[in-house]
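Structure first, commentary second.
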């Protein structure tokens, strides 16, 4: 019988292909915008006017960290659930419903962003059709209502996707009573629990405050409150990008190395730790915010530091799995085994380089997590340095490498240009080293992020090298990354159309060295971990949210008086928490 | 038993590998060495970033008397 | 659970790292006395800024022996006062608020860096050891002219600062009152 996913589940393969296609289109547009920024910021080439830079920046953020990453996630997770449970969804129409909703939302939001390029944008729903608000959309910056509507519809689409996967699992459980949840499905379900718990924050920010405000239904908002709600969601959001990459590292990378996953139980523990700790850490993005007590910031700092644990555990388990492959391939010595890994395989090399970059980016994340040291790096270009090593490489390069492995199985076609693909992943690595080296160093010297023209009346005091050299590295890195993206998209397009060929990869996933039977059963009891996560969120967020809401008022600094805010807020919070468990 | 599990049980290992190493005979010594290096690098970079880059980037908001 | 001995060792090493990082930050707070921008200031609504005793007239004020307070208002796309002149070797507290959107007040090349949120007041107490000139930037995107938002901080030798103060006191009548309403006009970002 065939092992090809495309032949076993043609309908599912079609959906996964559609999701990846949308993801890759967003990657292309986002990468083009990234190139424009790299050249504009460094004053190498300024094609757009500087105010339009922020339209480009909004598009770069939204298309890459929302569209590219999440479409890849839903595609990968649809594959993972179907393959590991060996069954399709209960109702395939629902699957297309969530894909459709996500796409409607994406199109609405994209229109509002891209309309920012028009000289004279039309009036829609009472305000100008544009949304130069960046992907953080901090009020009182205001986008067109359709921007918020699009985001909300998109998020609802992802919620239904999660429900769809839970439903498939429940059906499987009915047929397989007492069986352990297969690891890929376990990863999908835990990721989605984290997503449900955290995306409530952004949903409330949009539906209760920003959307009514942009429609003129309410006069003002409390900028601290919407910002705090955004970051309630925002840090778990970064793990929403990361966990699909983790899935590829745990499930696919050991196989590509020629070995087996070292420990299935620890992989489960890692995902549980993300469910529990991802959300009660968001305030670390607000270390330098006024109006939030230092005590809250300190509590969040300790939570954030403990969030290092799952990533440090992952480093060990994934490297040990690679070493197992290398030893089976005949590797010897303390470090000599590294040479026997399949470095000619673009899927392997891409993921391995992504992991290497992640190990360094992890360090910069520790700096960001450190409360008082945040004065040094907050909103300097160090932060996009961190973002580009983590989501821009650990995640993006892993997705691209995963694409080289997965797309042939989804299309039934052989990968075109294996050598070119190898070149592409290495080029990405080189590009990101140049770009982020510049960003990290410039950030430490105080160069700000998010600025179209970071050339001011004063001169930066550059501790090592010169500003010209840092700019050159950033621009060069941006160009290399753009070329790498185009190469990737070209290889994907040719593979997609490479009909009449047979893929050389197969989809078999070898069992873990230490399997799920080594893990206590409570690990698979998702209710326990959800409840624990809720408790931690309530502990970490109740007081800060009440404080922020009562200081400024629910709807702005001078509208809602203090007692009303507290009375109003607690039941709302309780309802939300209740809804998230139920 | 589902098909995927069957596949997994029968096709667990890559064909054509020189040897097959089970759980009990595998000690990831190379991983231990790499991760120890990583530990030391993290400590060194942290101390440098905190005590040189950060503390020397004064003035810093402080309790002054 | 069946966890390999090396992996147990790594879990222990990871905990050492985590506790070590938390300990370093705690040392910075308790040992070095680094304070975070926090909720110590009363909220201040943007439309109350003009009547406010501190921010109605953005300025540098001497409040004690070698103690100064600086009341800064940020708005799209400028800081007031600008330039800010302070003496070296004195305790200087910056109080910063925003008239419109979220900004930052960031003295480039130092750890004097805070978010500025409308409705809130950020406070930071610092001491510059040496005279010098610094750029101040807004590092949070605040609209189409964000990259034009900068100011200047001039740290003067304490004696020179005294002299400048006396000169200023002489021609206090000549100070022009800055009209923020004309300055913010044309900002397309606000509703």
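What follows is calculated from the coordinates using simple rules that are stated; it is not laboratory data. Since we're looking at a predicted model, the values are computed, not measured. Because the Cβ atoms are built from the backbone with ideal geometry, glycine has one as well, and the counts that use them run over all protein chains shown.
What percent does the relative contact order of chain A come to when contacts are Cα pairs within less than 8 Å and at least six residues apart?
On the way: 916 pairs, mean separation 104.8, N = 582.
The value is 18 percent.
Rounded to the nearest 500, the 222 nm mean residue ellipticity of the protein assembly as shown from helices alone is -18000 deg cm²/dmol, with -39,500 (n - 2.57) taken per DSSP H run of at least 4 residues.
So for the stretch C:46-184: antiparallel DSSP bridges make up what percent, rounded to the nearest 5? Spell out each step's value before the answer.
Numbers: 25 of 37 bridges.
Percent antiparallel among DSSP bridges in the stretch C:46-184 is about 70.
Taking packing as the residue-averaged number of other Cβ atoms within 10 angstrom, the listed peptides A:234-247, A:156-169 run from highest to lowest as A:234-247, A:156-169. For the pair the stretch A:339-377 and the stretch A:228-266, the centres of their Cα atoms are 13 angstrom apart. Counting neighbouring Cβ atoms within 10 Å and putting the fewest first, the residues A:351, C:15 line up as C:15, A:351.
Summary of packing: across the peptides A:308-321, A:37-50, the per-residue average of other C-beta atoms within 10 Å ranks them, highest first, as A:308-321, A:37-50.
Largest GNM mean-square fluctuation among C:123, C:12, C:29, using chain C with Cα springs under 10 Å: C:12. A viscosity of 0.890 mPa s and a temperature of 25 °C, combined with the Kirkwood radius over Cα pairs in Stokes-Einstein, give a translational diffusion coefficient for the stretch A:5-581 of 100 µm²/s.
Counting only other chain Cβ atoms within 10 Å of each residue's Cβ, the peptide A:509-522 averages 3. Inter-chain Cβ neighbour count for A:443-454, averaged per residue, equals 6 (cutoff 10 Å, partner chain atoms only). May I ask you to derive the FRET efficiency for residue A:334 and residue A:464 from their Cβ-Cβ distance with R0 = 30 Å, giving the value to the nearest 0.05? About 0.35, to the nearest 0.05. Working from Cα pairs under 8 Å separated by at least six residues, relative contact order for the stretch A:1-114 is 34 percent. Seen from all directions on average, the stretch A:163-310 presents a Cα convex hull projection of 11.8 nm².
Inter-chain neighbour count for A:289-302: the average number of beta-carbon atoms from partner chains within 10 Å of each residue's beta-carbon is 6.
Can you sort A:551, C:59 so the residue with the fewest Cβ neighbours within 10 Å comes first? Intermediate results must be reported in sequence, preceding the final value.
Details: A:551 21, C:59 15.
Neighbour counts put them in this order, fewest first: C:59, A:551.
Once you reduce the stretch A:100-167 and the stretch C:80-106 to the center of their Cα atoms, the two points are 36 Å from each other.
Residues considered: C:27, C:68, C:95. Largest GNM mean-square fluctuation over chain C, using C-alpha springs under 10 Å, is found at C:27.
Report relative contact order for the stretch C:1-113 in percent, whole number only (criteria: Cα-Cα under 8 Å, sequence separation at least 6). Before the final figure, lay out each step's value.
Details: 100 pairs, mean separation 19.4, N = 113.
Across the stretch C:1-113, relative contact order equals 17 percent.
Of all the options C:125, C:26, C:114, the one that moves most in a Gaussian network model of chain C with Cα springs shorter than 10 angstrom is C:26.
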